[in-house]
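Q: There's a structure below that I have some questions on.
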Amino acid sequence: MKIQKTYGISLFVISMFWALWLQLIAGPRKDSFGPIPKTWFLSSEETLRLPEFKTIDTRSFTSRIQEKLPNVIVLGWEDISLKESPFRGKLQKDELIRKKLLSLGMTKDDLIIVLGDGKNGWGEEGRIVWSLREVGYPNVYWYQGSFESYKKMIETRKQNKVTIDQKNKFYIHSKKESVVKTDISKEEITKQLKTNTYQILDTRESREYTGATPYGEFRGGHIPGAKSFYYQNVFDDQGNIKSKEEVEKILTQMGIIKTKPIIAYCTGGVRSAFVVGILRSYGYQAYNYSGSMWEWSYDKELPLEK
């Protein structure tokens with residue numbers, strides 16, 4: 001009995017010593033840098049001090065020809081979306097998109113910055129960020145700033161040894177982080193028309209909201225209950241994205257509350273994806289209807305208002 005007791009104590013001492021030894025040889029604990037910001041876009045200053053990243057250029061063909069950029073990946077939202085009606089605008093299958101991204105030299109571990117035309121564009125940069133996040137690429141953000149500021153920022157990185165801010169390492173997500181799907185189907189929207197589960201934002205021009213069909217919609221009007229929130233309303237006079245407080249004020253005046261999820265749509269889910277990125281960054285539970293009016297207006301059974 002005494003021998004068994006002594007043997008048990010010895011095993012305990014050995015196990016405690018072994019646990020302590022493992023901690024010592026493991027070195028400093030590799031903690032994460034803290035909560036990862038929910039932002040979908042980064043300023044010039046934030047991008048300047050990032051670790052190495054890859055750039056996707058979503059600017060218009062004319063812009064890319066007039067002002068070429070070296071070492072960028074050209075990717076349009078159409079390249080990873082379905083093209084046939086009534087599914088035009090919806091994403092291709094996840095595996096096809098991932099295959100396309102890998103062929104372009106992008107992996108899920110890469111830090112990716114997406115450059116667009118800003119206020120002069122259609123929100124393509126937001127659509128690409130949204131699309132890549134949907135298929136499991138968490139480290140992707142769009143560049144919030146002018147083309148000139150982007151070029152200046154890149155030149156500064158080349159000419160100087162830029163110190164990487166610890167806070168900017170927050171923007172590198174863990175491999176274990178789960179992907180939050182924010183695409184929503186017409187079936188879910190149809191259900192919500194009965195349950196009033198969501199708030200709906202129509203991010204198109206006012207003429208589209210009231211019935212015009214300038215971009216290939218099969219029928220004119222808007223989804224019942226949707227409120228008009230043109231995507232350009234998120235920009236200030238200088239072409240910068242308005243602050244969280246400014247956007248919240250606009251939405252509050254429209255009767256949009258933060259505690260209730262939001263669905264955004266447009267013609268093909270591009271402008272609405274841009275808005276969803278901003279809303280998500282500002283703490284709203286927002287979803288993008290990628291099928292948008294191309295899909296909704298095609299189905300004659302689905303209601304529309306003018």
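Q: State whether one or more residues within the range 127-136 are farther than 25 Å from Cys266 by Cβ, out of contact with any Gly (no Cβ under 7 Å at 6 or more places or on another chain), hydroxyl-bearing (Ser, Thr, Tyr) and modelled with pLDDT of 95 or more.
A: Within the range 127-136, the first condition is being farther than 25 Å from Cys266 by Cβ, and the residues that meet it are none.
Scanning the range 127-136 turns up no residue that is farther than 25 Å from Cys266 by Cβ, out of contact with any Gly (no Cβ under 7 Å at 6 or more places or on another chain), hydroxyl-bearing (Ser, Thr, Tyr) and modelled with pLDDT of 95 or more.
Q: Does at least one position in the range 49-60 carry a residue that is part of a helix (DSSP H, G or I), out of contact with any Pro (no Cβ under 9 Å at 6 or more places or on another chain) and either assigned by TED's automatic domain parsing to the domain that holds Phe274 or within 25 Å of Ser272 (Cβ to Cβ) (or both)? Outline the logic, then answer.
A: Start the filter on the range 49-60 by keeping residues that are part of a helix (DSSP H, G or I), which leaves none.
No, every residue in the range 49-60 fails to be part of a helix (DSSP H, G or I), out of contact with any Pro (no Cβ under 9 Å at 6 or more places or on another chain) and either assigned by TED's automatic domain parsing to the domain that holds Phe274 or within 25 Å of Ser272 (Cβ to Cβ) (or both).
Q: State whether the residues of the range 211-229 include one that is under 23 Å from Lys38 (Cα atoms) and out of contact with any Cys (no Cβ under 9 Å at 6 or more places or on another chain).
A: Applying the first criterion (under 23 Å from Lys38 (Cα atoms)) to the range 211-229 yields 229.
From what's left, out of contact with any Cys (no Cβ under 9 Å at 6 or more places or on another chain): 229.
Among the residues of the range 211-229, at least one is under 23 Å from Lys38 (Cα atoms) and out of contact with any Cys (no Cβ under 9 Å at 6 or more places or on another chain), which makes the answer yes.
Q: Kindly list, by first and then second residue, each pair from a residue in the range 155-166 that is under 22 Å from Leu69 (Cβ atoms) to a residue that is part of a helix (DSSP H, G or I) and hydrophobic (A, V, I, L, M, F, W, C), limited to pairs with Cβ atoms under 8 Å and residues at least 6 apart or on different chains.
A: Between residues of the range 155-166 that are under 22 Å from Leu69 (Cβ atoms) and residues that are part of a helix (DSSP H, G or I) and hydrophobic (A, V, I, L, M, F, W, C), the close pairs are Thr156/Leu48; Arg157/Leu48; Val162/Leu48.
Q: Something else now. Cβ-Cβ below 6 Å, separation at least six or inter-chain, first residue in the range 189-213 and in the same structural domain as Lys260 (by TED's automatic domain parsing), second part of a helix (DSSP H, G or I) and at pLDDT 95 or above: which pairs?
A: Asp202/Tyr209; Thr203/Tyr231; Thr203/Arg271; Thr203/Ser272; Thr203/Val275
Q: Kindly state which helices (runs of 4 or more DSSP H) lie completely within the range 66-159 and contain at least 3 residues that are over 25 Å from Leu279 (Cα atoms).
A: Working: elements: 94-103, 124-134, 147-159.
Filter on the range 66-159 gives 94-103, 147-159.
Q: Would it be correct to say that Pro37 is surrounded by 10 or more Cβ atoms within 10 Å (Cβ to Cβ), in a loop (DSSP other than H, G, I, E, B) and either touching a Gly at 6+ places or on another chain (Cβ under 7 Å) or at pLDDT 90 or above (or both)? Working first, answer last.
A: Numbers: surrounded by 10 or more Cβ atoms within 10 Å (Cβ to Cβ): yes; in a loop (DSSP other than H, G, I, E, B): yes; either touching a Gly at 6+ places or on another chain (Cβ under 7 Å) or at pLDDT 90 or above (or both): no.
Answer is no for this residue.
Q: Please verify whether the range 171-188 includes one or more residues that are touching a Leu at 6+ places or on another chain (Cβ under 9 Å), assigned to a helix (DSSP H, G or I) and surrounded by 14 or more Cβ atoms within 10 Å (Cβ to Cβ).
A: The answer is yes, given that some residue of the range 171-188 is touching a Leu at 6+ places or on another chain (Cβ under 9 Å), assigned to a helix (DSSP H, G or I) and surrounded by 14 or more Cβ atoms within 10 Å (Cβ to Cβ).
Q: Within the range 48-65, how many residues turn out to be farther than 17 Å from Ile172 by Cα, touching a residue at least 40 places away in the same chain (Cβ under 8 Å) and hydroxyl-bearing (Ser, Thr, Tyr)?
A: 3
Q: Something else about it: When you go through Gly283, Gly269 one by one, which is the residue that is closer than 20 Å to Lys83 by Cα, under 21 Å from the mean Cα position of the chain (by Cα) and not acidic (Asp, Glu)?
A: Numbers: Gly283 fails: closer than 20 Å to Lys83 by Cα.
None of the others qualify; the one that does is Gly269.
The values are calculated or read from the model by the stated rules, or taken from the named source; none is laboratory data. Just so it is clear, the structure is predicted and the values come from calculations on it, not from any experiment. Cβ coordinates were reconstructed from backbone atoms using ideal geometry, including for glycine residues, and neighbour counts include every protein chain displayed.
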